[in-house]
Every structure is written in structure tokens, then in C-alpha cells.
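Student: One structure, as C-alpha cells, below. Some questions next.
What follows draws every value from the coordinates through simple rules; no lab data is involved. The model shown is predicted, which means the values in this text are computed figures rather than measured ones. Every residue, glycine as well, gets a Cβ built from its backbone with ideal geometry; the counts of neighbours run over all protein chains shown.
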Amino acid sequence: MRKPADRLGVCSMAFLMVRMTWSCQSFCSRKRPACFVIRECKDLYKLTDKDIFEHIELLRARSDLADPVVHTPVVLTDPNDDPAVYTAVAGRAEVLCTLDRDFYTHQVISFCGERGIEVMNDVELLKKLR
């Protein structure tokens with residue numbers, strides 16, 4: 001069984017994506033409610049309410065809220081994904097971690113690369129972090 005910190009780390013991305021969905025609410029058509037994501041992590045990793053609350057507070061304390069301004073379309077195959085790219089730019093992200101194939105087009109990779117953002121999947125990100 002994973003340590004609480006490991007289990008919570010897995011849920012961090014889910015929380016950050018929920019947070020991004022809230023900030024992109026007017027743009028995103030496919031949203032999962034925050035309570036669903038948190039409940040899913042809680043059940044999957046056997047987290048207590050206290051574990052989740054403490055981790056969310058830690059994320060809040062270490063996070064900066066970025067307000068994306070969508071300019072020119074970047075994700076041509078799915079314009080609903082543009083706010084995610086522009087959130088990464090506004091937040092000066094180093095990595096945009098996603099499994100969505102629309103982010104792996106030449107257009108998106110080039111756009112992000114010019115701004116110092118690497119697009120990678122979860123496995124690549126975990127390798128980079130180790």
C-alpha cells in the first residue's frame with residue numbers, strides 16, 4: 001500500500017485539473033464535478049477526509065491562480081482545449097501533463113515549446129520528477 005503522501009500526489013493532478021476546469025468554466029464543455037474527482041481519489045486510495053483537506057490546503061498555499069486569456073487558437077483539433085494551453089502559459093508552467101492526443105500535435109508542441117513548456121504524459125512526468 002502506498003504512503004499517504006504518494007497517494008495524495010496521484011490525486012494532485014486531478015485536483016489541479018478540477019481547479020483549471022473551474023477557471024475555464026465558460027470554455028470547457030466536458031467537466032467532471034470536483035466532488036466526483038475527490039470521491040474517486042478517496043475511494044481508490046483509501047484517503048480520509050482529513051488527508052484530502054490537508055492536501056488541498058497545501059496545494060492552495062503553493063499554487064498561483066492563473067487567469068488564461070485565449071488569443072489565437074492553438075489546439076486546432078479541439079478548440080475547447082485552448083484554455084488549458086493558455087492557462088499553462090499564464091501560469092508560467094514548465095510542463096503541461098496530459099493524456100489528451102489533441103495536445104500532441106505539431107502546432108501545440110511548437111507553441112508550448114516556444115514558451116518553455118514541455119507537453120508530456122503522466123509517465124514521462126513521473127520519470128522527469130525522479
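Student: Could you work out how far apart the two model spin labels at residue 101 and residue 76 are, taking each label as a point 7 Å from the Cα in the direction of the beta carbon, and quote it in nm?
Tutor: Using points 7 Å along Cα→Cβ, the separation is 1.7 nm.
Student: Between residue 67 and residue 53, what is the spin-label point distance in nm, taking each point 7 Å from the Cα along the Cα→C-beta axis?
Tutor: For residue 67 paired with residue 53, the spin-label model returns 3.1 nm.
Student: Another question, if that's okay. Using 0.36 nm per residue of separation minus the Cα-Cα distance, give me the extension gain between residue 60 and residue 44 in nm, one decimal.
Tutor: Values: separation 16, 0.36 × 16 = 5.76 nm, distance 2.25 nm.
Full-extension gain reported as 3.5 nm.
Student: What share of Cα pairs, in percent, lie more than 14 angstrom apart in the stretch 79-129? The partial results should precede the final answer.
Tutor: Working: 585 of 1275 pairs.
Of all Cα-Cα pairs in the stretch 79-129, 46 percent lie more than 14 Å apart.
Student: Using a cut-off of 11 Å between beta-carbons, work out the net charge of the residues near residue 97 (Lys and Arg +1, Asp and Glu -1, residue 97 not included).
Tutor: My count for the surroundings of residue 97 gives -4.
Student: Further, regarding this structure: Would you mind checking which residues have amide H under 5 Å from residue 118's amide H? H placed 1.01 Å from N; only 5 or more apart, or other chain.
Tutor: Those lying under 5 Å, H to H, from residue 118 are 95, 96.
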